[in-house]
Structures are given as C-alpha cells and as structure tokens.
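See structure below.
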Protein chains: 4
Amino acid sequence: MIIQLKKGISKPMLENIHFVLNEFKIKNNYVKTQVAEYLVCFSKNEFDIRKIGFIEGVEDVHSVTDDYKLVSKKWKLNNSAINLGNGIVYDAFNPIVIAGPCSVESEKQMELIVQHLVKSNIKIARGGVFKPRSSPYTFRGLGIDGLKMMYELCKAHDIKIVTEVMQVSQIEEMLPYVDVFQVGARNSQNFNLLDALGSIDKAVLLKRGISGTIDELLQSAEYVFSKGNEKVILCERGIRTFETAYRNTFDINAIQVLKEKSHLPVIADPSHGVGIRDHVSKLALASIVAGADGVIYEVHPSPEEALSDGQQTLNFEESNYLIKQIHSLQSFLKSN
Amino acid sequence: MIIQLKKGISKPMLENIHFVLNEFKIKNNYVKTQVAEYLVCFSKNEFDIRKIGFIEGVEDVHSVTDDYKLVSKKWKLNNSAINLGNGIVYDAFNPIVIAGPCSVESEKQMELIVQHLVKSNIKIARGGVFKPRSSPYTFRGLGIDGLKMMYELCKAHDIKIVTEVMQVSQIEEMLPYVDVFQVGARNSQNFNLLDALGSIDKAVLLKRGISGTIDELLQSAEYVFSKGNEKVILCERGIRTFETAYRNTFDINAIQVLKEKSHLPVIADPSHGVGIRDHVSKLALASIVAGADGVIYEVHPSPEEALSDGQQTLNFEESNYLIKQIHSLQSFLKSN
Amino acid sequence: MIIQLKKGISKPMLENIHFVLNEFKIKNNYVKTQVAEYLVCFSKNEFDIRKIGFIEGVEDVHSVTDDYKLVSKKWKLNNSAINLGNGIVYDAFNPIVIAGPCSVESEKQMELIVQHLVKSNIKIARGGVFKPRSSPYTFRGLGIDGLKMMYELCKAHDIKIVTEVMQVSQIEEMLPYVDVFQVGARNSQNFNLLDALGSIDKAVLLKRGISGTIDELLQSAEYVFSKGNEKVILCERGIRTFETAYRNTFDINAIQVLKEKSHLPVIADPSHGVGIRDHVSKLALASIVAGADGVIYEVHPSPEEALSDGQQTLNFEESNYLIKQIHSLQSFLKSN
Amino acid sequence: MIIQLKKGISKPMLENIHFVLNEFKIKNNYVKTQVAEYLVCFSKNEFDIRKIGFIEGVEDVHSVTDDYKLVSKKWKLNNSAINLGNGIVYDAFNPIVIAGPCSVESEKQMELIVQHLVKSNIKIARGGVFKPRSSPYTFRGLGIDGLKMMYELCKAHDIKIVTEVMQVSQIEEMLPYVDVFQVGARNSQNFNLLDALGSIDKAVLLKRGISGTIDELLQSAEYVFSKGNEKVILCERGIRTFETAYRNTFDINAIQVLKEKSHLPVIADPSHGVGIRDHVSKLALASIVAGADGVIYEVHPSPEEALSDGQQTLNFEESNYLIKQIHSLQSFLKSN
C-alpha cells in the first residue's frame, strides 16, 4: 500500500497518520522525493483502505500488490516524464536518443563525436570515463579528467551527459558534470550505490543486470526512488543466455513488460544488447516499435580503432542513417 | 564446399567428378532436390577450388566454411522464395501472415476462424491436430479427422494450411491436406522426422528448439535440405532463459542473425515467443522491422475458452487491428 | 488422485467404480501396467476421498497434488526396483554401473569393451547404434546390424544392453536385442516415442532434456508409465546454461530433487554431464554421494580414436580405477 | 607471461628488467603482494622466454596463455594454502568448514551458534551484518555493531570470522573484526571493491556471480591478487539457470574446473547452491568428493524463525550430523 501525503503536510498530521497505522499494525516507510512525500506500507492484516483515505493529510491511498511499490504502475498509471532541462523531456511522446562512444578516449575523439551529435541533432551524449572491465590489466577509462573534458565540449552545444558511476565515492566529484548517472549491468544490485543515487537530484539510468530478472530491475529502481529520487530510467541491454552467436541476447520482451508494470521510462541499448554492429540499427528501430521510450547506442569516429566495444559501435554514417530512420519511424507511429 | 551440378548432368560426367574428388581425398554427399543437384564436400586438405570448377558437369563451386552448407548464405546470396501456389509466394518483399488457433477444436470454431481469415485477407491458416502436450492426460488434438475438416473449410477459400507433424508415420496420411508441415520446438532435433520431411515436396516450417542455438536450427534445416527438400522456413518462437516473467523469451536477435547466415526465409512466432496476449501484436510488428519475412500468430473466436494456449491467443478484433498495422508498417518500410 | 485397483478386479466392479466417479464428476484414466491396474483421476470439486476407498475393488486411494501422478512419491514411498534378470536389480541398495562406448563402431572395438566389462564385473553395457547427430553429414551409427553384433558379444557373458531408440518404427526390430531402451535428451519430449515405449515390457532409461525441467522429465516418465510400463529409469545428463567452460552443466541438484519427488530410480551420466574426460570420475562418485542409484559412463579402448564423444570418454585404465573407487565408496556409505 | 622477481630485488635491477621489456615491446604490470613481487607481461610479439630468464633479478619466468595470469595454475602447480592463524590452514589436505547464520540477528542467537561451533569443533564462523537484499524495505543487517558483538563472542573461543563486505568504505571499520572478507555474488564484478580488497592483508572469499562464468570469477580473483593480496578463496554458490525447482543450480562442475585452472582454494556453498534445507548436507559431501577444499553452510538455532534464508539453513542437529559425516568422508578419502 502507498499513501500519498498532502503537499506541505504538517508534522502533527503526519504523527497522527503514524498513530493510526500503528493501531492497524501496519509497518511503514516514510519517503520524501523531489516531487512528493509518501508512506510505503506493509501489513499482513486485512483492513479497509478507505479508513486511511479519510485521515487528514492523506492525498490518496493505493493498494499495490507488487513486491516493488513506488515504481509500480498500480498506483500511477501515467508514464513518468524526466526533464533534463533545455527542452529535453523524456516521455512517451518524445523518445530520446542517446549516443556516444563506449569510452571517452581523447579530446580529438570527443570533438568529432560532439560535432556528429550536433549535426544529427542528438541532445544527450554517452561516454564512459570509469570503465568496468573483466580484466584488471585493460584500459579502465580516463577518469574524472576525461569527464571534465567531455563536459566542456558538450556544454558548448547544450548536450547533456550520461556516464557510468561505479562507486559511491565517485558521485560527489562527478556531480557537476553529469546529467544522468548510469548504473552498469554489473552494479545493478550494488545496493549501496543505489541508496546513494537515491539521495541526489540527478536522473539515474539503471541497466538491467546480466542475468537480472524484471522483478530485480524494478526492485533496484525502488531502492533509488525510495531514498528520494524519482528520476529513474530503466534500460534493457541484453541478458546472458545459452546462445553464443551474439554477445548478449537483447530481450525485447522486457521493454513491453517493464512498461506494463512500471510508470518509469524504459529505453533500449541495442549496442550491448546484441553486440554486433550490423544488427544494432534494426534492433533500435524494433525497440521503438515495441514501445521503448528511447535508445542508447555507441558511435565512434572509427569503431575499428576504439579502445573498447568497437565490434558493436556504429560509425558516423551508420549513426546518421539510423537517426533518420528513427525520426521517420516515430512520425509513422504517431500517425497510426 | 558445395558443387552445383549442371542441369541434366549425365551419369558419366557425375562419375568423373567423383573420380576427381576421390583423387583429392574429398568426401562428398550427393544431394538432389526439387530444384537442382549438388555435391556437399568435406576435406581436410587444401586444394585449388578452380580445378573443380573446370570439370565438365560442374555449374559452380563455392567454399562454405559454416558447419551447415546448403542452407548457408555463403553460396547463395539471394533469399530463397517459397511458392505455396495460388499467388502465395514467401519472399522478402511479401512478408506473409499465418494465423489460426493453437488447436483445431470443432467445426464451428474453424468456420468462424476461416471467416475471419477471409475477411482479413490472410491466406495461410495454422491449426494443430496432433498436439505435443507435457502431460499425457491433457487434450492431444483431433487428429487426422480434424485436419480433414479444416482442409474442407480452407479449400473453399483457397487458404493454405500449416499444421504440426509429430512423427514420420503421420506424414503420409497428412500429405493431401497440408501445405506446410510444421516441426515443433520439441522435435527440432528429431532427426528421423527431419530426414523424412526431406523426401517430400511440401514446405517445412522448422521451429527453433526450446534451447536450440542458431547453429542447431540451421543444422536441422540442413537435414531437410540435404535429403532433397529446399522448401524450408525457419521460425523463431522464443527460447528458455532464467526469466519467469514471460512464458518464453522471444529472441529478436535470432531473426537478423538467421537472415545473415542463411538464404532461407525466417518468420516470427510472437504468440509462443512471449506467451502473453497483450504483448503479441507489438512483438509481431517489431519482428517485421527487424527483418522477419513473416509472422505466425494464434487467433481464436474466444481465447478464454480455447482448449490450449488461450493466454497468448488474440481475439478477432485484436487480430484485425494487427493485420492493419502490419500492412501499413510494410508500406512504410518499402517507402523508406 | 490415484486409485489402486484390487488384483483381478472384475469388470462389473470396475464399471461400478466408474459409475461412482462419474457421479462425483471425476474424470479418470484407466491404466494397466505389468504390475497393477490404476485409475488416475482429475477433479475440480472437493470430495471425501474415503467414500471412494470403501468401494469394492478399490485397493487404496491416494491424493497426489503433483502434475505428474503415477511417478510421484506422494502415493508410493518405497523406491521402485527394476529387475533386468540374472541378478541385476536396480534399486537403492545396489547402485548399478552402466559403461560402454558412445557408438558401437566395430566388432573388434566391442570385443575389447566386453572383455573390459567382464573383467571389471560391469553387468550392463551401453553403446549407440542409432546416433542423433547435429549434422546430417556425420557418422550416424551402425544401425540394427551393429546392435545384433553387440548382442552376440554381450549375451555370451550375460551382459545386459542399454541403447538409444530414436523413433517408434525402430522398437520392434530392436526388441529382441535390447534390455533397456534409452530415450536421448533430444527426444525427451518426443511423446509418440514415449507412448510407444509405454506399451512394451522392457525398461526405459529416460534422459533429461537439454533444457528440460525436473517437472518435464517426470511428466515424460508419466507418459511411459501411464501407457502401461512401470520400468522407467530417470537420468541426469547435464543441462544447457550460459557457461561455456564445459559441454553441459551437470546438475547434481536434480538427483536429490528427483529422488525426493519420485519413486523411480535416478542415475547420473557424468560423461555427457560435464563432457570433459578428466572430470568424469569425480562427478560419478559425487553423484553416488548425492544419492544416485547408479551411473552410466562412456569407455573406449582408445578414446582419442573414437568416432564420437572421444573427449569425454574414459580409457580402460581410468574405468578400472573408477569402478574400484565406486565399490569402496559404496561400502563406506553403507557402513555410515 | 609472469616474471617472478628475486626476493629483495634492487631498484636498478628492476629498472634494467623494465628496460629489456621495453626493448621487446612487452607491456608489463608490477605487482607486489604479501609474498613476492611479479611482473605480469603482455605482448603481441613472439620472443625467446629464456632471454628474460637470464636477466639479473629474475627468479623465474612462466608463459601463461590464460586471460587471467597470477591466479592461473599454469605458473604455480602447487595449490595455495591460506593461513588464518591459530592452526587454521586452508589447504588441500585440511578442508575447512565454515558455518553460521545468514544474518547476525541478536546476541542470544550468536551465543547459541558459537556454542554449537565450539561443540562441533568448527573454527570459522560466518554471519552477515551488511546484507544485500533485493527489496529496500527488508532487514539489511545489524551493521558494524553486530560485527563487534559477533567478534567478542568468537574471540573467546578463537573462532575466526567470515563476513560480507558490500562497499569500499566499510573495509576500514570492519578490518579489526574480520578474518575473511566475503564478496557476495552480486558484487563479484564490483571492481572497485576488488581493488580495495587487494590492498589489505586479510583473506578474501570471492563468490561466483549469479551468472558468472568460470573465467569471470578467475578474472575477479586476478583483480585482488594483482593489487597485492594473494589470500583469495574461490566459492561456488549456485548459478542462475532455467530450472525453478531450486533457488539456484549448484554447479558442481565448477569445483573441479576451478581446481584445474587455478592454484587458489575452492570451497562450496551448498546452502545458497540449492537453497533447499533437505538437500544441503548431501551436496556438501558431494562437493568434497568432487575436490572442494572446504564448505560453507548456514546454521541457525531455529531456522524457521531466521530473519533471512531460513528455508536453506540447517538446525544444530542437522549440522552436527553433517560435521560427523564430513569427518568420516575425509578419513575415507585420505585412505583411498
């Protein structure tokens, strides 16, 4: 059960609600986000939900039977929009494209990429500076200096930045330069990191775990939301299966099922999803047809020379062509 | 290596080719299909492929490094078309829709479904009469009488029939009434059945195994083709993964990868793929965007009362809406 | 619900039971095996099970809530024993070893193997003559002649034979030469084959499917049992997972869980289970500790030259060593 | 390639080695652990390994073709032993048992458990105080105070402590109270945490990821080792598969394969492995037969009342029985 509290609810009112809930033996968690205040309640007993609805200070009460609560669609039928500022609103009517390299490698590389984004009217850049790598001996990213460099280049064109954060201690130094904090697949159940991202006011792009279930992804989103941050974007990026013909198995089913179960935006990452450059563009388009609110993909001036993920990265020509196709597909879908 | 033989090659010519191949210690399999004659060759030694190309009776020679040979795109870049007669040609420019119930249940049910197909201009009907069921105590289909009844109803409207065959001994009695023999996921490596279907001149719709790899599906197709039947259609129908939020995990990656590796047509079965009615239509459309040559889905006058698979079956209204969307999507894709 | 019928129940008594069941709207399936007669019943209504227990001709009544019925441990707590004759009884106190080559290749090979079995006091030989192979171009076994040859060699030493049957039409010709019909992983849901094996009086060794669930394996066993054949042996042989470091992932959990859920014997196939020769023996021993009623493994005079599965096949020395370890482990387990 | 450096190698010697490596264009990583100094080298060129072996300051040179280097068995055939002090040495001849509750819940609970450990002569206790939980609303452990309480109780009986660390910032406060830092399955690719654990001198128990490959587990161990800490223990704890009959699929194959590929100790966690109390003990024994260097399992005074994981936790009686069986099995294995 979720109790939405009235805007500016007074302390005595809140105490009174707690008093009533205690009488009914209903455990509850107080949540205050950028947007509103809630009580997330758990009880083993049956009771009349209306009795709570009538208490002063209560805006609305919803029964939510899912294991996750605040991110569930059961209490909020409208899809959540996420405003990144400067006209970039992430909602169902404006699927948004995020593009950029796997890793930020050099100023020259990023200049070329930012030019490409500007030319293609892509308003959000991705680019990793802290890279999770299987082997300790491989390139692990340019770190905070790479991020600052990327920021300067993007700022000049009002391009927003999505980049991966790997641990709590990085958040503070990254904060001024990041618009969307990405949580990678390997950290999708790093609960301390999720807690910490719940206490800042920046959007969080949460990737599904390598073998993460739909339920686990939504519970991870619940961590962020319940700590106070409603700006969560879910991302399908392929799962691990028995099939070895592709790097991961992009799970298009997840897009629809996540949209059905949650009010949060859901985007697709076809680059990691299939991991094969030739198949990225069609998967991006298929994801939009399936209902994704956006796509994130990897692009590089010369994918063959990329320090990481080159085999799944588009070049500028392919990216341009994809963008055009996305736009005409969106027009088609709106008119049908 | 595949050697395409000249049309009407004489016996002495063929013997001469064998003689040369033996000299090079190249093992070979003679294959004669509806369309042509081939020698599928295997050798551990290196040799100059041109030496074979110059032998009399040889039309063309191709090096094919895949484990499967005749179904590979390496020797045949053009997509194969399958002609079911009456103007129904299965090729890349005419994605074809197959619809019908999971099980043929009654004459009344089939009359309604055939009416629906006619109205929606769907020219191929699916409908199971031999049903593989996990439990021996459940409904296992109406058998050959159900097929005959279905045939009479479809014939009147020139609708072609796809239905599942479960064992070799059923083929003969089914032959007059079936246009496309479906091999189910559980039989995708039933090699005796594949052998037998290779020796008839009807199309074969081969479903991917429940945990079948791309490679295994193509090898199963190779069984049919190498026994003499080129009319094979591949079908992605969802795989088994750790995720329990859906019945199967529809693997959209497979569509593109199969099209890349093989010249055979590839269709999508979103009904079994995700197993949830609300998600079938969008998956069907996404599959077409991803490059599928067609879709097969389940439709029933009242899915709630279906004897099997009701939870993933569309009703007539949903089916009508899907067909319209497919047509407008196809127009869009052709014009882009 | 399972109704055990009295031995030699008369036709009027049986009709009376049907009459009562019909009154209670209980659907039922009559099953007659080598051992007894049963009615397997299904009902959506609640009713007093004792009312049926009192009817003349009823030996016993059991509520079985599992999806599978006759193979469930819910109605038969004692483990089932399978008597192959000549002192070979397959039960919990006499774990039995089956060994032999992947494929029967030649008389010379089989002579050496039979000598090895005799010397090691192994009383059941395995050996494939109909081989399911992914590729149509590879060795598919010596067929019925290979089986006859194997039979002559084994008969002389009273060694029983386990071999794979791939389709219904093979059963009749194989029958005189086979003691245990093996159903391979790829055919574990070939329901027509299971039906047919239910109507003969030979033991059936049922391998778990490549991605078969515990429940599916028991349902497949139910097919055989419910058609009249109680002599079913279950076999864990590794499942398909994401891990590529081994051919399959031998699932030791399945042994205990199958023993808990079913009264049928359960054996382990570590050769296919892990697919790596060096690891076969320890897995065999671990399986016995976990409760397996026996093991089946591959042995060959020179595994490097085997026509199939050489990389997972023991040589004679390794096999001898394993047998000794199995015997001393069994002694240890009995005394602890 | 791994270069073992001479003990107390001088700075000029090291510089000289670097100089030679640079000449050969061999990239290298300098690693200094509690035990020794190494250079982990990577090169695309062929060169004569002996040329490096002859340089002053080089103890030994090994070619290691695995992706992981320092944890590979290719350069160190002897199994590594880990000494926890007080006579507890973790090696192949002294498989060690770790037992304790999923979560440290109360002083009373821990007193009872410590008594049980003392009585059963178990010298290492497990017990979680920082608990990773899918839902943000569930019990997340007693934290550092719980650990201190556990420490006081264990210290009195010289019992060592294994407990999970979830993030870098916890290490410092935990350090005085912990003998083995456990990295949980969800953090098995939390590379920052692995880096940090590489710079302390306490043992690290590294659990395999929920869908972690053998290779990934060894690479994660390489992170810890290459940052300076050789005391790494690997732990198989069940993987995620399609099977839903158990919580996880305990992968016994991994034990043997890890022992084959690495010199690090490998232990089994059958509690999480299968997740079903009745099956834990047999899996523990089977793991030892398969070659595990030890087992870790969950025990609680009354599992039914445990705050977490009760369904897979042994009670004292079961634990006592298991310990006795482990001891007699170990005697048996040594004498065979």
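The values are calculated or read from the model by the stated rules, or taken from the named source; none is laboratory data. Not measured: the values here are computed from a predicted model. A quick note on method: Cβ atoms are made from the backbone with ideal geometry, for glycine too, and the neighbour counts reach across all protein chains shown.
Structural remarks
- Number of positions in region C:67-77 that are within 14 Å of another protein chain (Cβ to nearest Cβ), part of a loop (DSSP other than H, G, I, E, B) and at pLDDT 95 or above: 5
- The listed residue being under 26 Å from A:Gln34 (Cβ atoms) and either modelled with pLDDT under 95 or small (Gly, Ala, Ser) (or both), out of A:Ala284, A:Ala292: A:Ala292
- Screening C:Glu260 with (1) at the interface with chain D (Cβ under 8 Å from one of its Cβ atoms); (2) surrounded by 24 or more Cβ atoms within 10 Å (Cβ to Cβ); (3) under 18 Å from D:Asn248 (Cβ atoms) gives one miss only, at (2).
- Only a single item in (1) at the interface with another protein chain (Cβ under 10 Å from one of its Cβ atoms); (2) among the small types (Gly, Ala, Ser); (3) in contact with a Lys or Arg (Cβ under 9 Å, 6 or more places away or on another chain); (4) surrounded by fewer than 24 Cβ atoms within 10 Å (Cβ to Cβ) is not met by B:Ala254, and it is number (4).
- Residue list for region C:145-169, filter: hydrophobic (A, V, I, L, M, F, W, C) and in a loop (DSSP other than H, G, I, E, B): C:Ala156, C:Ile159, C:Val165, C:Met166
- Search result, residues across region A:237-250 that are surrounded by 22 or more Cβ atoms within 10 Å (Cβ to Cβ) and either hydrophobic (A, V, I, L, M, F, W, C) or in contact (Cβ under 8 Å) with a residue 40 or more places away in the chain (or both): A:Arg237, A:Ile239, A:Phe242, A:Phe250
- Any chance C:Ser287 is under 17 Å from D:Ser335 (Cα atoms) and not basic (Lys, Arg): no
- Hits in region B:81-119 (condition: modelled with pLDDT under 95 and over 18 Å from the mean Cα position of the chain (by Cα)): B:Asn86, B:Gly87
- A count restricted to region B:218-236 and to residues that are touching a residue at least 40 places away in the same chain (Cβ under 8 Å), in a helix (DSSP H, G or I) and more than 14 Å from chain A (Cβ to nearest Cβ) stands at 4.
- When each of B:Ser135, B:Ser80 is tested for being assigned to a loop (DSSP other than H, G, I, E, B) and without any contact (Cβ under 8 Å) to a residue 12 or more places away in the chain, the lone residue that passes is B:Ser135.
- B:Glu152 assigned by TED's automatic domain parsing to the domain that holds B:Val104, under 20 Å from C:Leu193 (Cβ atoms) and without any contact (Cβ under 8 Å) to a residue 40 or more places away in the chain: no
- Residue match in region C:278-292 (condition: in a strand (DSSP E or B) and touching a residue at least 12 places away in the same chain (Cβ under 8 Å)): no
- Of the residues screened, A:Glu304 is not one that is assigned to a helix (DSSP H, G or I), among the charged types (D, E, K, R) and touching a residue at least 24 places away in the same chain (Cβ under 8 Å).
- From the options B:Ile52, B:Ile17, B:Ile26, residue that is without any contact (Cβ under 8 Å) to a residue 60 or more places away in the chain, within 14 Å of chain C (Cβ to nearest Cβ) and of a type in the set (A, V, I, L, M): B:Ile26
- For A:Lys6, the conditions (1) under 23 Å from A:Val224 (Cβ atoms); (2) surrounded by 14 or more Cβ atoms within 10 Å (Cβ to Cβ); (3) basic (Lys, Arg) are fulfilled apart from (1).
- Scanning region A:170-203 for residues that are within 14 Å of chain D (Cβ to nearest Cβ), outside any helix (DSSP H, G or I) and closer than 18 Å to A:Tyr297 by Cα turns up A:Val183, A:Gly184.
- Some residue of region C:156-164 being in contact (Cβ under 8 Å) with a residue 12 or more places away in the chain, more than 12 Å from every other protein chain (Cβ to nearest Cβ) and on the phi > 0 side of the Ramachandran plot: yes
- Scoring C:Arg140 on the criteria (1) within 14 Å of chain B (Cβ to nearest Cβ); (2) touching a helix residue (DSSP H, G or I) at 6+ places or on another chain (Cβ under 7 Å); (3) of a type in the set (D, E, K, R) leaves a single failure, condition (2).
- Matching residues, region C:263-277, being in a helix (DSSP H, G or I) and either among the small types (Gly, Ala, Ser) or surrounded by 21 or more Cβ atoms within 10 Å (Cβ to Cβ) (or both): C:Pro270, C:Ser271, C:His272, C:Gly273, C:Val274
- Within region A:206-217, being touching a residue at least 60 places away in the same chain (Cβ under 8 Å) and either part of a loop (DSSP other than H, G, I, E, B) or more than 10 Å from chain D (Cβ to nearest Cβ) (or both) holds for one residue alone: A:Lys207.
- Looking across region A:37-50, the residues that are touching a strand residue (DSSP E or B) at 6+ places or on another chain (Cβ under 9 Å) and either charged (D, E, K, R) or outside any loop (DSSP other than H, G, I, E, B) (or both) come down to A:Glu37, A:Tyr38, A:Leu39, A:Val40, A:Cys41, A:Phe42, A:Ile49, A:Arg50.
- Against the conditions (1) out of contact with any Gly (no Cβ under 6 Å at 6 or more places or on another chain); (2) closer than 28 Å to D:Ile214 by Cβ; (3) of a type outside the set (D, E, K, R), D:Ile55 satisfies every one except (2).
- Hey, A:Lys207 touching a Gly at 6+ places or on another chain (Cβ under 6 Å), modelled with pLDDT of 95 or more, among the basic types (Lys, Arg) and farther than 24 Å from A:Ile113 by Cα or not: no
- The condition of being in contact with a helix residue (DSSP H, G or I) (Cβ under 9 Å, 6 or more places away or on another chain), hydrophobic (A, V, I, L, M, F, W, C) and more than 10 Å from every other protein chain (Cβ to nearest Cβ) holds for only one of A:Ala290, A:Ala268, that being A:Ala268.
- Hey, B:Ser319 in a helix (DSSP H, G or I) and buried (at least 19 other Cβ atoms within 10 Å of the Cβ) or not: yes
- Per-region count, region B:63-78, residues surrounded by 16 or more Cβ atoms within 10 Å (Cβ to Cβ) and in contact with a helix residue (DSSP H, G or I) (Cβ under 8 Å, 6 or more places away or on another chain): 7
- Some residue of region D:241-248 being modelled with pLDDT of 95 or more, over 19 Å from the mean Cα position of the chain (by Cα) and among the basic types (Lys, Arg): yes
- Complete set of residues in region B:322-336 that are crowded, with 20+ Cβ neighbours inside 10 Å and in contact with a Phe, Trp or Tyr (Cβ under 7 Å, 6 or more places away or on another chain): none
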